[in-house]
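Reading through the structure tokens given below for one structure.
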Amino acid sequence: MADDGWKLIYDGFVPAEERLREALCTLGNGYFATRGAAEEADADDIHYPGTYLAGGYNRLTTDIAGRTVENEDLVNLPNWLPLRFRPDGGEWLDLCHVEVLEYRQALDLETGLLERHMRVRDPEGRETSVATRRIVHMGQAHIAALEMQLRPENWSGRMEVRSALDGRVVNGGVERYRALSNKHLAPLEASSVGEDGVLLLTETTQSHIRIAQAATTRLFRNGEPVDVERHGIHENDYVGQDLWFAVAERQAVTIEKVVALFTSRDRAISEPRDAALQAVAAAERFPALVASHALVWRTLWDRCDIALVGNDRTQIDLRLHTFHLLQTVSPNTAELDAGVPARGLHGEAYRGHIFWDELFILPFLNFHLPEVTRSLLLYRYRRLPAARRLAREAGHRGAMYPWQSGSSGREESQVLHLNPRSGRWTHDNSRLQRHVGAAIAYNVWRYWQTTGDREFLAYYGAEMLIEIARFWASVATFNEMLGRYEIRGVMGPDEFHDRYPWHEAPGLDNNAYTNLMATWVLRRAIEVLDHIGTERRDELERLIGVDADEVADWDRISRKMRVVFLEDGVIAQFEGYDRLEEFDWEAYRQKYDDIQRLDRILEAEGDTVNRYKVSKQADVLMLFYLFSADELRDLFALLGYRLEPEAIPRNIDYYVRRTSNGSTLSRVVHSWVLARSDRARSWAILDEALESDVADIQGGTTAEGVHLGAMAGTVDLVQRGQIALEFREDALCISPCLPADLQGLSLKLIYRGYWLYLRIGCDDLTVSAPHGWAGPDRIGVRNHFHDFGAGDVLRFRCQTIDGGVRPHPGRVERTRERVE
Ligand code: BGC
């Protein structure tokens with residue numbers, strides 16, 4: 001439920017929804033995050049408290065289905081939340097065993113504050129009001145804090161509060177992984193510190209990350225500290241204090257718990273135990289922490305908010321998505337060696353691994369927090385040696401990035417996968433998605449285009465591009481008969497198809513998306529050598545041995561890559577696609593409520609999705625998502641194929657109809673590619689994409705972690721998609737067209753170090769750069785270039801065309817404003 005565009009509010013306690021709410025009410029700061037679990041709850045059938053550290057992985061082995069498998073997981077760290085109460089002689093609060101008279105939970109996106117208000121009546125008839133507030137500090141990355149106000153409404157007596165740090169946790173958040181080993185933490189120390197403090201020290205069993213949490217718990221009445229009777233609780237992996245005090249009817253007491261979290265991965269510390277103790281001792285009181293935390297959020301929103309006029313629901317969804325993105329990767333991440341996990345730091349699905357989803361996430365960050373993109377790309381750069389190793393082991397040259405990446409950059413994809421429908425473990429071939437490397441190259445290039453960060457390109461980006469291009473050049477084989485290069489035995493983004501139904505061996509040939517991305521990467525590797533200067537080029541020549549012959553190879557391969565077509569200019573998803581059967585969508589829609597995961601449905605029926613023309617998610621259509629029509633036309637032309645403009649809608653229609661959207665990424669792509677041709681449909685699909693997590697449209701997956709790619713992708717859809725932002729002739733070009741559902745949109749983008757302000761209304765579009773401009777001295781608006789510099793304010797009159805509001809490129813007024 002929305003409230004003033006900034007609050008996510010839940011009324012009533014609904015046990016079945018609790019895990020979903022926990023994921024959506026996660027608080028984090030890019031360094032760590034904690035699910036929005038109730039303070040009084042342990043992990044059980046209803047609740048799942050979880051705290052995750054960016055880059056905090058550990059490996060465990062399990063004997064399963066006749067083999068030993070090793071999995072690396074993002075570790076669930078000790079739960080710092082526990083703060084529970086009971087009236088004298090009563091039971092600890094458990095919402096399932098009291099009468100819940102009032103209950104409301106609110107997440108304030110503007111200030112990053114999670115609140116719960118409730119009034120409960122225990123079996124003895126004692127009514128108590130409880131209000132909690134919580135933050136994970138965005139400015140002080142190691143600090144989290146919790147406040148609980150208790151007010152007996154109809155009783156007086158003694159109250160007991162237990163505050164603890166709980167290291168008994170395991171990774172148990174995903175039902176399908178329960179058969180796998182899950183105890184990642186070993187206890188080291190659980191002790192009291194001074195009058196009101198406790199310390200818990202644990203270590204991950206294999207990666208040996210040492211984790212220190214220190215907490216203080218204090219009681220206040222009318223804002224003044226109150227002395228209370230305390231009893232320590234010390235177990236191996238659990239430490240806490242029981243606080244005893246008197247309470248009087250209708251008089252509130254406030255408990256503040258402040259926590260510091262450090263690990264042995266942190267910089268600028270001696271060791272985590274000492275750092276946590278010092279930080280918690282120096283921490284301010286809860287209200288001051290809330291104020292400084294909110295201030296940091298304000299500055300982040302100032303950079304990142306996209307303000308809409310006329311659509312409150314879309315507005316709150318967009319803000320929720322931006323909020324969770326910023327909680328997963330924030331300026332705090334820029335200091336870390338961490339990638340961006342597909343499911344955020346919000347749950348354990350996909351074990352916190354990093355996939356190609358960055359492709360949907362980095363474009364937004366490029367225009368708002370480019371230093372964060374840089375650090376996420378450096379996560380990949382540091383794993384270039386591992387990617388080179390993977391390529392070598394597979395008999396190739398260059399760098400083969402893993403489909404799933406974790407701590408070291410080795411391949412973390414599973415070899416077996418449980419189909420929860422059939423209970424069968426099946427082979428997981430998803431690692432054949434070699435296109436992940438192309439996504440990394442694409443991200444490097446778009447970062448460079450947006451920021452102009454030549455140092456990054458020269459020292460890190462170029463090397464990654466070259467090594468990824470080398471990989472493509474080495475896997476491409478020449479088909480003498482056709483005179484074309486081919487890439488065989490891979491999987492495209494559509495994970496339903498992992499083999500031909502007529503072949504035993506996994507892998508498909510000439511996946512169009514992969515082949516075209518490989519071509520594009522080879523071209524960029526050639527081009528990058530022109531951007532980095534002769535000195536660096538010479539260095540790279542000496543260091544990694546790129547010479548003219550190799551560049552000539554790249555040039556030749558990138559002009560002769562094979563793309564297979566069906567009829568009417570429709571691109572075949574892969575060679576042999578035409579031999580697959582059409583699928584009876586209608587019959588399956590009638591048979592099952594939800595057919596997004598047709599792979600599981602068909603496997604459970606003893607059939608295989610490999611037999612049909614059915615995609616889990618956009619595959620061919622990714623091309624129209626990542627490239628403008630002009631870029632694609634040029635790419636096809638380079639290969640000697642013609643991509644007629646009329647063929648684009650035919651491709652879109654063909655594949656949208658054959659896609660089950662079993663991945664939340666798919667709708668982002670579909671909405672994007674339909675944005676120009678079918679605005680109403682595009683907006684309707686965006687609406688569904690916006691609901692992916694809030695409404696948990698995959699039926700239970702959000703509880704295991706949000707879908708960060710779809711979250712960031714939807715925000716980017718409104719940002720870049722609605723204004724059709726692209727780079728052309730080295731200039732930034734926009735061609736906004738507001739859908740009927742919106743009356744206005746304003747945002748700012750950082751481009752090559754300077755902010756560009758865009759305000760689009762029904763009557764006009766304003767483009768300005770009041771604080772300086774280092775981009776090219778022109779800007780494109782609907783295919784017309786206009787001179788543009790710092791202080792210029794370009795105001796275009798808008799007109800309504802095809803049901804959308806567009807600026808009139810010729811009707812422009814130019815004024816100037818002061819440049820600071
Ligand atoms: C999708 C992949 C994606 C992964 C992680 C899968 O369901 O098919 O494309 O990378 O989820 O989000």
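Only a single item in (1) in a strand (DSSP E or B); (2) more than 26 Å from ALA141 (Cα to Cα); (3) modelled with pLDDT of 95 or more is not met by GLU18, and it is number (1). Residue selection: GLN698 satisfies the criterion of being of a type in the set (S, T, N, Q) and within 16 Å of the ligand (Cβ to nearest atom). Considering VAL706, VAL715, the condition of being closer than 30 Å to GLU348 by Cα, in contact (Cβ under 8 Å) with a residue 24 or more places away in the chain, hydrophobic (A, V, I, L, M, F, W, C) and within 16 Å of the ligand (Cβ to nearest atom) is satisfied by VAL706 alone.
Is it fair to say SER292 is more than 27 Å from GLY90 (Cα to Cα) and either open to solvent by 40 Å² or more (accessible area, probe 1.4 Å) or not assigned by TED's automatic domain parsing to the domain that holds ASN71 (or both)? It is false that SER292 is more than 27 Å from GLY90 (Cα to Cα) and either open to solvent by 40 Å² or more (accessible area, probe 1.4 Å) or not assigned by TED's automatic domain parsing to the domain that holds ASN71 (or both). Counting only residues that are assigned to a strand (DSSP E or B), touching a Ser or Thr at 6+ places or on another chain (Cβ under 6 Å) and among the hydroxyl-bearing types (Ser, Thr, Tyr), how many does segment 473-530 have? The total comes to 0.
Give segment 396-437 a look and list any residue that's part of a strand (DSSP E or B) and either free of Cβ contacts under 8 Å to residues at least 24 places away in the same chain or open to solvent by 30 Å² or more (accessible area, probe 1.4 Å) (or both), or say none.
Let us first name the residues in segment 396-437 that are part of a strand (DSSP E or B), namely 405, 416-419, 424-427.
Of everything in segment 396-437, those that are part of a strand (DSSP E or B) and either free of Cβ contacts under 8 Å to residues at least 24 places away in the same chain or open to solvent by 30 Å² or more (accessible area, probe 1.4 Å) (or both) turn out to be HIS417, LEU418, ARG424, TRP425, THR426, HIS427.
In summary, no strands (runs of 3 or more DSSP E) completely within segment 32-106 bear 3 or more residues that are in the same structural domain as SER129 (by TED's automatic domain parsing), open to solvent by less than 10 Å² (accessible area, probe 1.4 Å) and over 30 Å from PRO331 (Cβ atoms).
Can you tell me which residue within segment 668-684, out of those that are open to solvent by 20 Å² or more (accessible area, probe 1.4 Å) and part of a helix (DSSP H, G or I), is nearest to the ligand (Cβ to nearest atom)? Show your work before the answer.
Residues of segment 668-684 open to solvent by 20 Å² or more (accessible area, probe 1.4 Å): 672, 676-681, 684.
Subset that is part of a helix (DSSP H, G or I): 672, 679-681, 684.
Numbers: TRP672: 15, ARG679: 26, ALA680: 27, ARG681: 22, ALA684: 22 Å.
Within segment 668-684, the match that is nearest to the ligand (Cβ to nearest atom) is TRP672.
With farther than 23 Å from LEU725 by Cα and away from the ligand (no atom under 16 Å from the Cβ) as the only criterion, which of PHE583, PHE624 stands out? Please lay out each step first, then the result.
Numbers: PHE624 fails: farther than 23 Å from LEU725 by Cα.
After applying the criteria, what remains is PHE583.
Please pick out the residue among ARG265, ARG303, ARG285, ARG273 that is among the basic types (Lys, Arg), under 27 Å from SER746 (Cβ atoms) and open to solvent by 10 Å² or more (accessible area, probe 1.4 Å). None of the other options fit; the residue is ARG303. Of the residues making up segment 167-203, those that are hydrophobic (A, V, I, L, M, F, W, C) and touching a residue at least 60 places away in the same chain (Cβ under 8 Å) are VAL169, VAL170, VAL174, ALA179, LEU180, LEU185, VAL193, LEU199, LEU200, LEU201.
Hey, can you tell me all the residues within segment 339-380 that are of a type in the set (Phe, Trp, Tyr) and either out of contact with any Gly (no Cβ under 7 Å at 6 or more places or on another chain) or surrounded by fewer than 24 Cβ atoms within 10 Å (Cβ to Cβ) (or both)? Steps first, answer last, please.
Let us first name the residues in segment 339-380 that are of a type in the set (Phe, Trp, Tyr), namely 350, 355-356, 360, 364, 367, 379.
Across segment 339-380, the qualifying residues are TYR350, PHE355, TRP356, PHE364, PHE367, TYR379.
When every residue of segment 196-203 is checked against the conditions, none turns out to be in the same structural domain as ALA291 (by TED's automatic domain parsing) and open to solvent by 50 Å² or more (accessible area, probe 1.4 Å).
Residue by residue through segment 624-637, note down the ones that are in contact with a strand residue (DSSP E or B) (Cβ under 9 Å, 6 or more places away or on another chain) and in a helix (DSSP H, G or I). Listed by number, the residues that qualify are ASP630, GLU631.
Selection over segment 594-623 of residues that are out of contact with any Asp or Glu (no Cβ under 9 Å at 6 or more places or on another chain), outside any loop (DSSP other than H, G, I, E, B) and either open to solvent by 20 Å² or more (accessible area, probe 1.4 Å) or modelled with pLDDT under 95 (or both) gives a count of 3.
The values are calculated or read from the model by the stated rules, or taken from the named source; none is laboratory data. This one's a predicted model, so the numbers in the text were calculated from it and none came from an experiment. Glycine also receives a Cβ, built like all others from the backbone with ideal geometry; neighbour counts cover every protein chain displayed. Just so you know, the surface numbers come from the protein's heavy atoms only, side chains and all, with ligands and any DNA or RNA stripped out. Shrake-Rupley method; radii C 1.70, N 1.55, O 1.52, S 1.80 Å.
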